[in-house]
1. Here are some conditions: (1) modelled with pLDDT under 95; (2) among the hydrophobic types (A, V, I, L, M, F, W, C); (3) in contact with a helix residue (DSSP H, G or I) (Cβ under 8 Å, 6 or more places away or on another chain). Leu324 meets all but one. Which one does it not meet?
2. Please report, ordered by residue number, the helices (runs of 4 or more DSSP H) entirely within segment 3-112 with at least 3 residues that are farther than 30 Å from Gly137 by Cα and not polar (S, T, N, Q).
3. Which ones in segment 262-271 are open to solvent by less than 40 Å² (accessible area, probe 1.4 Å) and small (Gly, Ala, Ser)?
4. Tell me which helices (runs of 4 or more DSSP H) are completely within segment 145-261 and hold 1 or more residues being more than 22 Å from the chain's Cα centre (by Cα) and either at pLDDT 85 or above or loosely packed, with under 13 Cβ neighbours inside 10 Å (or both), or say none if there are none.
5. Can you find even one residue in segment 43-60 that is more than 18 Å from the chain's Cα centre (by Cα), crowded, with 21+ Cβ neighbours inside 10 Å and not β-branched (Val, Ile, Thr)?
6. Considering segment 63-77 alone, what residues qualify as being touching a residue at least 12 places away in the same chain (Cβ under 8 Å), touching a helix residue (DSSP H, G or I) at 6+ places or on another chain (Cβ under 6 Å) and not aliphatic (A, V, I, L, M)?
7. What number of residues in segment 294-311 are in contact (Cβ under 8 Å) with a residue 12 or more places away in the chain and either over 22 Å from Thr122 (Cα atoms) or not in a helix (DSSP H, G or I) (or both)?
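The values are calculated or read from the model by the stated rules, or taken from the named source; none is laboratory data. Just so it is clear, the structure is predicted and the values come from calculations on it, not from any experiment. When we count neighbours, we look across all protein chains shown, and the Cβ atoms used for this are built from the backbone with ideal geometry, even at glycine. These area figures cover heavy atoms from the full protein model, side chains too; ligands, DNA and RNA do not enter into them. Shrake-Rupley method; radii C 1.70, N 1.55, O 1.52, S 1.80 Å.
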Amino acid sequence: MLPPMAIFFPLFTLLEDVGYLPRVAFNLDHAFCKARTCGKQALTMCMGFGCNAAGVIGCRIIDSPRERLIAILTNSFVPCNGRFPAMISLLAIFFTGMNINKYGTAFSALLLTFIIVIGIFTTLLVSRLLSATILKGTPSSFALELPPYRCPQVGQVIIRSVFDRTLFVLGRAVIVAIPAGLIIWLMGNVSFSETPLLTLCAEALDPFARCLGLDGVVLFAFILGFPANEIVLPLTLMGYLSVGTLVETSSLSDLAALLIANGWTAKTALCFILFSLFHWPCSTTCLTIHKETGSLKWTLLSIVLPTILGILCCGIVNFVSIFL
C-alpha cells in the first residue's frame, strides 16, 4: 500500500497547495447539483483515487450532513490505488496483448480511463438515487473560497501528506493486517482430508461465482482480500497454485500463462475488473465509515450498495456473453 500512496498523496496535496483543487470543485458543482449533492464531493471523490478511507475522512469538508453522508456512501465507487495494479495487468494481458509499444500503451491508458469514467458516472448516478430515496433533500448553497494560484511549499506539502494522510491510512490498515494475515495463513495451511480450507471454500462458492463470469477461487480471493484490495490477485494465484502463502509473479507473461491455464478468458478479466470496481470497501474504509458516521446501519449500506451493483454488472456481462 505504501508506494502508491507515497506518490499519490504528495501530488494531491501539491495540487491543493497550488490552489487548483477548489477550482475543480467549482467546475464540477453543476454536475453534482444535478445529482442533488455538493460540488465539494468532487474533491473527496478525487481523494478516493488514492485511498477510499482518506476520501471518506475528506468528506468532513462538506457542511450539509445529508450531502456528507451521500459522499461517504459513494466514495468507494471510484477505484483506489490498491485496485489499479490488477486492473492494469489484466487490461494489458487480455485486451492489448501486452504490447509495449506506444500504441499498446495508449490503448491501455484509454481503457483504464474509460473504467475510471464508469466509476465517476456511477458515483453521480447512485448519489442521485440516494437523494431521491432514503436521503431526500435539495442541494445546499455552494460557497467556496477560490484562493489565488500560488507557488507550493514543497516541504510542508510532503510533511502534511505523509503524516495527515499516508501514515494515518497505514495505521488503520495495521489494525486489521495481523488478524487478516492469520486467517489467510490458516486458509492456505489448514486442511481437511488433505484439501486446504481455501480450496474447500472456493469450491463451495464456485456455482455462484460462475453466474458472475468468475470462479470460486476469484470470488473467495475478493472475500479474503477484505483487509486490502492489493492482495486480491495474489490470493487468486495462491488458490490456483494451492500454496500456503501469497503469490506474486515475476512478469506479465507468467501471470498470463497461469491465468489462461486456469480457464481465464477476456470475459473473466472483464468481470474481474468490474467486480474490482464495484464491490465492498476494504476493511480500513469500513472502519473509517463507521467512525465518521457513528452508525452500523450506514456502514452496512456502504458495503451492500457497491456489492449489489457489482453482482448485477458481472451477471449481465456473463449473461450477454453466453447469449451471444
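1. It fails just one condition, (3).
2. 84-94
3. Result: Ala269, single match.
4. 154-161, 167-189, 197-211, 232-241, 252-261
5. no
6. Thr74, Asn75, Ser76, Phe77
7. Residues meeting the conditions: 0.
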